[in-house]
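Here's the structure we're looking at; comments come further down.
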Amino acid sequence: MLVHKIEEVKNITKNWKDCTIALVPTMGALHEGHLSLIKKAKEVCDKVVVSVFVNPIQFGPSEDYDKYPRTLDKDYELCSKEGVDLVFAPSPAEMYGEEQMLSNNTLTFVCPPFFYVNKLCGKTRVGHFDGVCTVVLKLFNIVQPDYAFFGQKDAQQVVIIKKMVHDLNVPVKIVQCPIIREASGLALSSRNKYLSNDGKKNALALSQILNNIRACYKKGITDIAALKETAYGYLTEKHDLEYLEILDKNTLEEQKKADENSIALIACRVENVRLIDNIYLGE
Ligand code: PAF
């Protein structure tokens, strides 16, 4: 079933009192990565809700909000095939109110701690995680899920959402699911649609860099600067590296040496498309 109104979601879910409810929050343009979250949600819960909402307040003024792919008919078809019980696809006005759409100055925001946002994607995407946490908490309040499913591809997002849930005592369990990749190694992303064939080939550098860092770590290199330096062999003028970091995977803290808790994370523009990827060194 596809609904667009908050009240409709509440009317449906109030009949699910004896069921466990899963929420898979998405911005649509669903691909195999999203479908893996839905499949996991189906395994764990009786009822699965997928939200499809391109959230305006998590995009900066110069970002791709207007051109972000919107494919609701196809998304709904895919969700139906997977046996999703409810697809919630609100308009921005439904989520934030007509007045608030004119100015964010009147909206209450959830602002995650500076420590977690002042690094990685948050450094260049100022305000992004405020927008993410605000919409995710609203979705949690609307759907009241027992479990919510997020992809490891947005590793910083998952750490921040887990922190929000802990700090604000939100009664939901966060399940993180592994990154899904093309056979080439490219991590699936709705933004891959923007890449040409050449761009897709150049984008392979991200997963190659991460795999190589992990291979070097497995061979015994734990010096973080040395691990990061191995990336330069893969980068050309086609790559605009935004960051490459090796941090603690649970806390996003810097480490003296890489260890079994380390995650390597990269963001790089290819054909001006911002791509992110990450890998756990201990796995
Ligand atoms: O990861 C995403 O697609 C979005 O950030 C989310 C969690 C759906 C919030 O808009």
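Some points to look at:
- Residue within the stretch 202-214 that is more than 14 Å from the ligand (Cβ to nearest atom) and without any contact (Cβ under 8 Å) to a residue 24 or more places away in the chain present: yes
- Pairs with Cβ under 7 Å, 6+ apart, first in the stretch 54-82 and more than 22 Å from Gly97 (Cβ to Cβ), second within 14 Å of the ligand (Cβ to nearest atom) and part of a loop (DSSP other than H, G, I, E, B): Pro69/Ala29; Thr71/Gly28; Thr71/Ala29; Asp75/Gly28; Asp75/Leu30; Leu78/Leu30
- Residues located in the stretch 40-63, provided they are more than 13 Å from the ligand (Cβ to nearest atom), charged (D, E, K, R) and under 17 Å from the mean Cα position of the chain (by Cα): Lys40
- Each residue in the stretch 219-244 was checked for being surrounded by fewer than 12 Cβ atoms within 10 Å (Cβ to Cβ) and over 22 Å from Gly282 (Cβ atoms), and 4 pass.
- The stretch 9-31, residues that are more than 11 Å from the ligand (Cβ to nearest atom) and either in contact with a His (Cβ under 9 Å, 6 or more places away or on another chain) or part of a strand (DSSP E or B) (or both): Ile21, Ala22
Every read-out reported here was derived from the displayed coordinates using simple, explicitly stated rules and does not represent laboratory data. From a predicted model like this one, the values you see are computed outputs, not experimental measurements. Every residue, glycine among them, receives a Cβ derived from its backbone with ideal geometry; neighbour counts consider all protein chains shown.
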